[in-house]
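Throughout, read-outs are computed from the coordinates displayed, never taken from laboratory work. Just so we're clear, the structure is a prediction, and the values are computed from it rather than from any experiment. Here the Cβ is made from the backbone with ideal geometry for all residues, glycine too, and neighbour counts use every protein chain on show.
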Amino acid sequence: MRGKLTKEELELLEEAGYSKKAIELYGNKVNVGVMKSPDVVFGHIGPCGDVVKLYLKMDEENSVVEDAKFQYLGCPGSASSASAITKIVKGKTIQQAKKITEDDVLRELDGLPKLKLDCPKLAVTALRKAIAEYEKNKGLQ
């Protein structure tokens, strides 16, 4: 579960109030990376200055998200939220993906520290803007 986190880092995250699931996603870098040949790439900067760049690969015939990856600059809350949203969105139709909420991300993470509740909003906003960009590029709007 710990991925590349040291014992000290793990303890700090636990003391800060991160759930085991959020720590696992963050430590194991789930879906972190650049995607080859994505259908859309969209970066978004949150109010705290954290950045999430989302990559989506679509099954265009069925309007389904086949794959999702991300890059980030920011805190463990932003990373785990983006990781959670990439897990949630895979296999969803565009219409289903548009309905993903901050609460869905928080449920996937088993919560976040209260001071990090802006992080799911960053992930959801990046997803919604990426979908809007995809639809614009495909003439679906």
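By how many degrees, between 0 and 90 and to the nearest 10, does the Cα long axis of helix 76-89 differ from the longest principal axis of the chain?
Taking Cα atoms only, the helix is inclined about 40 degrees.
As I understand it, the dipole of the chain uses +1 on the Cβ of Lys and Arg and -1 on the Cβ of Asp and Glu, about the Cα centre. Which of Tyr72, Asn137, Tyr55 lies farthest toward its positive end?
With unit charges placed on the Cβ atoms, the residue in question is Asn137.
What does the C-alpha gyration tensor say about the overall shape of the chain? Classify as rounded when a/c is under 1.5, otherwise prolate if a/b is larger than b/c, or oblate.
prolate
Run the simple label-point estimate for Lys36 and Thr101 please: 7 Å along Cα→C-beta, distance reported in nm.
Those two pseudo-labels are separated by 3.9 nm.
Can you give the extra length, in nm with one decimal, that the chain gains between Cys48 and Asn62 once fully stretched, where that is 0.36 nm per residue apart less the Cα-Cα distance?
1.4 nm
Could you grab the relative contact order for the chain? Cα pairs under 8 Å, six or more apart, rounded to a whole percent.
Value for the chain: 26 percent.
Would you mind working out the magnitude of the charge dipole of the chain relative to its Cα centre, with +1 at each Lys and Arg C-beta and -1 at each Asp and Glu C-beta, to the nearest 20 Debye?
Here the size comes out at about 160 debye.
Each label point is 7 Å from the Cα along the Cα-to-Cβ direction; what then is the distance between the points at Lys129 and Leu73, in nm?
In this crude label model, Lys129 to Leu73 measures out at 1.4 nm.
List the residues of segment 29-70 whose backbone N lies under 11 Å from a point placed 7 Å from the Cα of Lys138 along the Cα-to-Cβ direction.
39-40, 57-66
Can you give the extra length, in nm with one decimal, that the chain gains between Leu115 and Ala16 once fully stretched, where that is 0.36 nm per residue apart less the Cα-Cα distance?
Between Leu115 and Ala16, full extension yields an extra 34.7 nm.
Counting other C-beta atoms within 10 Å, and keeping those with at most 16, which DSSP coil GluC sites (Glu not before Pro) do you find in segment 48-141?
Sparse-neighbourhood loop GluC sites (Glu not before Pro): Glu60, Glu61.
Under the definition of Cα pairs under 8 Å and six or more residues apart, what whole-number percent is the relative contact order of segment 1-64?
About 25 percent, as a whole number.
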